[in-house]
Amino acid sequence: MIDSPIDTALEGDSRFAPTADPLWRIEEEGFNLAREHEIESLFAVSNGYVGSRASLAEGSLLSNPATFIAGVFDTNASAHDDPIPELAAAPDWMQLSLLVNGREFRLDQGSYVRHRRMMDLRQGILWREFHYRAGDGGLIRVRACRFASLADRHVLFQSVRLTAEDHYVNIHLRAVTEPVVERPGRVRLTAESCRCREIATNRGYQLGLCTRTTGIKVAIAAAGRLRIDGGEVIAPQTESTPDRHVESWELDIEAGKTYRFDRLVVIYTSRDVDRPGVMAAEHLQRLLNSDPEEVIATHARAWEKRWRESDVEIDGDGALQKALRFACYHLIGAANPEDERVSIGARALTGEAYKGHVFWDTEIFMLPFYIFTDPPSARALLMYRHHTLPAAREKARHLGYRGALYAWESADTGEETTPGYAVTPDGEIKPILNGVLEHHISADVAYAVWQYWQATADETFLLQAGAEILFETARFWASCGRVEADGHYHIREVIGPDEYHEGVDDNAFTNVMAQWNLERAAETARLLAEQWPDRWSELSRRHDVAEDEPSTWRDLAGRMYTGFDSRTGLFEQFQGYFGLEDIDLAQYAPHTLPIDVLLGRERTQLSKVVKQADVVMLIYLLWDRFPPEVRKANFRYYEPRTTHGSSLSPSIHAAVAARLGDVKNAMRYFRQASEIDLTNNMGNAAGGVHAAALGGLWQAVIFGFAGLSLLPDGLGFTPHCPTEWRALRFTVAWRGIRLHVEIRPEAVEIVAEGEKSLAVQIGGAPPARLASGQRIRWEQVKGAWKEISS
Ligand code: IFM
């Protein structure tokens, strides 16, 4: 009888076991080859420096192992036209084959019993367990785990425990490290050298690799160790060729004894250090001289700390609770506060889709999670935009503008990396214009800078980087449009968030965000001139900011054409939108193909069908700028016309509906957003998790249901939670203070932790001053929030 094996996966000689609470576990029972690619994405382990897909160690017909190292981009040497940099797949450090009584174990070929995988969200560990019966008898139990250390980002760890359950079994274990196989369209790291070296008394080996065109060197040092029942260490047989290393053990295992294989892997690249090979070898040596349990312990402690700062508890809905933890798990694993020269790609380090490229997804969808839970990660991500300002300036200059126009898609340098064309499902070659027309990215970056500055008051960042980004993006907006005969400033031929409509004039999202960007830049110029005049004169001198430039920014902001109709309270998504064909989307529901494929590209462009939140996105981001009736009117108008053809859309609709008090609708969108990866409801999770959708999910709870808003001297909350949630608990950081918030249907309680005090406002109640250690409770009395005690 085999019962719930995964609950005891590393007992015995280890202090570590999987988290028992089901609300911290995402589980996959059995094995379905067709689902393997999405499982690889969902169960990926990552620490922001390195991420590995959850491929089966022994492989399967469809396994697609890939490890990505942030910032290690290369181009596909065989691409005919302009090659696009993409994250290079590093060797599969977890590859491990197992022969039992001479038969190779493969899930797609053998007889296994109760195969289970479990993503332990709390500890950031992927566990696996199954029993395997070798043809002629001999049942063995296999328990495994792996992780990318959050405490020591260069370290990866794998452990496999084998136990013969009935009688002697002969096993042959082979741990192979080699470049991943070549596949069309994939860029991979190839080996330059492989050498085996004696590291102290422990064996270890090292693989040296290099990108083909970007010249980044990568060193992987690793060592496997097999022990019997926590005691005797068995030495491996080794074989090395220039591009692979194999450690193998062949032995009869005795019934009842446990054989534990641990593999420690250390990665350095020439992006981090001058001599990655030396660093990797030395680092590995240090680890081998210490207790491997310490590697697990420090990793688990690092996760514990991050969860203290970022867990969101939903008491009353287990499925959403898990989905939210799944979202936070991937967000925590996506960022690296220690590297400000990389950002997070649309699929983070979990898959090949979008080639590891960075979009507005990072600043608008993911960044708020970091700003309010881990400001150093947020800062590092924004510094990436500062380091890539030269490329953004160059893009603007190349297109005939001034200032900084960020790349719609970028890799490590910040240069534009959007592919020039795509092949449509019906084989047509379609030019991709986003790289030259989707300008709103510059305002999105500026928005993120401002949000970070408001939430952290990080003066050093503002003075060293933030102000420059605000000025340069404002300069771009001041140069890309024109004041026309009607006296308004128009920005023509752009793509807004709704990418179904290309080359449109005066996209409301773009124009109003640009207007806001111009205003914030002018405000920052005034702030600097008043409070940091030296920095202001230095910046204005270095970047040639004329004395009257800020007033020009203010003037153009005032003249901006916004498409707002004061009679209806509606923004026209772009000029001419209201005259397009109205299509009743209900007629096409439910549809599995994207609506632009069903309708055809041309008809979609001539219709009011919207791909993803566009005007709704604008209302969401600049909420306080619009009166309640305008927010509502625009949501009511655009919501039925939006098809959510992008994973970025449902969470924003959830957040806006919640803020409008339409909790039922909000919950519908929230569930849809929560299932994007977990049920693969868009059908493309195989390419990696949808990092923006995960960030959006967090925002839907914190900005939507909890109604978080930034006040000049603190935070506000206007809760609109579903009645079935008994409690919503979370922590947010604000200017060095952490607030622990609990929202229940009848009461809100907040405790502050930190050195200062802040203002907290619940609903329309007068703001209260909350000092460190103090707890305040508000209750709803006749529908209005009232402070009860301090
Ligand atoms: O940035 C998004 C875009 O808004 C919609 N298409 C996918 C991109 C990457 O997620």
Quiz prompt | Output for the range 287-301, where each listed residue is open to solvent by 20 Å² or more (accessible area, probe 1.4 Å) and within 13 Å of GLY124 (Cβ to Cβ) | solution = THR298, ARG301
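ARG636: farther than 23 Å from PRO590 by Cα and in a helix (DSSP H, G or I), yes or no?
Details: farther than 23 Å from PRO590 by Cα: no; in a helix (DSSP H, G or I): yes.
Answer is no for this residue.
Within the range 514-524, can one find any residue that is touching a Cys at 6+ places or on another chain (Cβ under 7 Å) and either within 16 Å of the ligand (Cβ to nearest atom) or closer than 30 Å to LYS608 by Cα (or both)? Show your work before the answer.
Filtering the range 514-524 down to residues touching a Cys at 6+ places or on another chain (Cβ under 7 Å) leaves none.
Within the range 514-524 (the criterion being touching a Cys at 6+ places or on another chain (Cβ under 7 Å) and either within 16 Å of the ligand (Cβ to nearest atom) or closer than 30 Å to LYS608 by Cα (or both)), the answer is no, since none of the residues qualifies.
I'm trying to understand the selection: among the residues of the range 13-27, which are assigned to a strand (DSSP E or B) and within 25 Å of THR258 (Cα to Cα)?
Scanning the range 13-27 gives a single hit, GLU27.
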Quiz item: Taking GLU502, is it in contact (Cβ under 8 Å) with a residue 12 or more places away in the chain, within 16 Å of the ligand (Cβ to nearest atom) and open to solvent by 20 Å² or more (accessible area, probe 1.4 Å)?
Solution: yes
Self-check item: Hits in the range 505-515 (condition: under 19 Å from LEU570 (Cβ atoms) and either open to solvent by less than 10 Å² (accessible area, probe 1.4 Å) or assigned to a helix (DSSP H, G or I) (or both))
Solution: ASP506, ASN507, ALA508, PHE509, THR510, ASN511, VAL512, MET513, GLN515
Quiz prompt | Sole residue being surrounded by fewer than 20 Cβ atoms within 10 Å (Cβ to Cβ) and without any contact (Cβ under 8 Å) to a residue 24 or more places away in the chain, chosen from THR460, THR424 | solution = THR460
Quiz item: If we keep just the residues of the range 596-613 that are open to solvent by 20 Å² or more (accessible area, probe 1.4 Å) and within 28 Å of the chain's Cα centre (by Cα), which is nearest to the ligand (Cβ to nearest atom)?
Solution: LYS611
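For every residue, the table says whether it meets (1) under 25 Å from ILE314 (Cα atoms); (2) within 16 Å of the ligand (Cβ to nearest atom).
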{"site": "TYR620", "(1), (2)": "yes, yes"}
{"site": "PRO627", "(1), (2)": "no, no"}
{"site": "PRO640", "(1), (2)": "no, no"}
{"site": "HIS644", "(1), (2)": "no, yes"}
{"site": "LYS664", "(1), (2)": "yes, no"}
Quiz item: Within the range 679-708, can you find the residues that are among the hydrophobic types (A, V, I, L, M, F, W, C), away from the ligand (no atom under 11 Å from the Cβ) and assigned to a helix (DSSP H, G or I)?
Solution: ALA685, ALA686, LEU694, LEU697, TRP698, ALA700, VAL701, ILE702, PHE703, PHE705
Quiz prompt | Which numbered condition GLN451 fails, given (1) within 16 Å of the ligand (Cβ to nearest atom); (2) not in a loop (DSSP other than H, G, I, E, B) | solution = (1)
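Open to solvent by 10 Å² or more (accessible area, probe 1.4 Å) and away from the ligand (no atom under 16 Å from the Cβ): which single residue out of ALA323, ALA391, ALA380, ALA335 fits that description?
Details: ALA323 fails: open to solvent by 10 Å² or more (accessible area, probe 1.4 Å); ALA380 fails: open to solvent by 10 Å² or more (accessible area, probe 1.4 Å); ALA335 fails: open to solvent by 10 Å² or more (accessible area, probe 1.4 Å).
Just one listed residue meets the conditions, ALA391.
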Quiz prompt | ALA302 vs. criteria more than 19 Å from ALA654 (Cβ to Cβ) and at pLDDT 95 or above | solution = yes
Practice problem: From the list ALA223, ALA280, pick out the single residue that is crowded, with 19+ Cβ neighbours inside 10 Å and within 22 Å of ALA144 (Cα to Cα). | Solution: ALA223
Exercise. Residues being within 9 Å of the ligand (Cβ to nearest atom) and either open to solvent by 10 Å² or more (accessible area, probe 1.4 Å) or not hydrophobic (A, V, I, L, M, F, W, C) (or both): count how many of those fall in the range 350-366.
Key: 5
Quiz item: Which ranges mark the strands (runs of 3 or more DSSP E) fully within the range 721-776 that have 1 or more residues being more than 30 Å from TYR669 (Cβ to Cβ) and open to solvent by 20 Å² or more (accessible area, probe 1.4 Å)?
Solution: 747-753, 768-770
Practice problem: Considering each residue of the range 484-499, count those that are open to solvent by 10 Å² or more (accessible area, probe 1.4 Å) and not basic (Lys, Arg), and give that number. | Solution: 7
Self-check item: Among the residues listed as ALA353, ALA380, ALA391, ALA348, the single one being free of Cβ contacts under 8 Å to residues at least 40 places away in the same chain and among the aliphatic types (A, V, I, L, M)
Solution: ALA391
Exercise. Go through (1) more than 16 Å from ALA144 (Cα to Cα); (2) touching a strand residue (DSSP E or B) at 6+ places or on another chain (Cβ under 7 Å); (3) modelled with pLDDT under 90 one by one and return the number of the condition GLY51 breaks.
Key: (3)
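Can you tell me which residue among ARG385, ARG341, ARG397 is part of a loop (DSSP other than H, G, I, E, B) and modelled with pLDDT of 95 or more?
Only one candidate qualifies: ARG341.
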Quiz item: When LYS632 is evaluated against the numbered criteria (1) open to solvent by 10 Å² or more (accessible area, probe 1.4 Å); (2) within 15 Å of the ligand (Cβ to nearest atom), which criterion, by number, is the only one it fails?
Solution: (2)
Quiz item: Within the range 228-243, can one find any residue that is assigned to a strand (DSSP E or B) and touching a residue at least 60 places away in the same chain (Cβ under 8 Å)?
Solution: no
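What do you reckon, is ILE228 open to solvent by less than 40 Å² (accessible area, probe 1.4 Å), in contact with a strand residue (DSSP E or B) (Cβ under 7 Å, 6 or more places away or on another chain) and farther than 25 Å from ALA148 by Cβ?
yes
The values are calculated or read from the model by the stated rules, or taken from the named source; none is laboratory data. Small disclaimer: the values here were computed from a predicted structure and weren't measured. For neighbour counting, all protein chains shown are included, and Cβ atoms are generated from backbone atoms with ideal geometry for every residue, glycine included. Ligands, DNA and RNA are stripped out before the accessible areas are found, and what is left, the full protein with its side chains, is counted by its heavy atoms. Shrake-Rupley method; radii C 1.70, N 1.55, O 1.52, S 1.80 Å.
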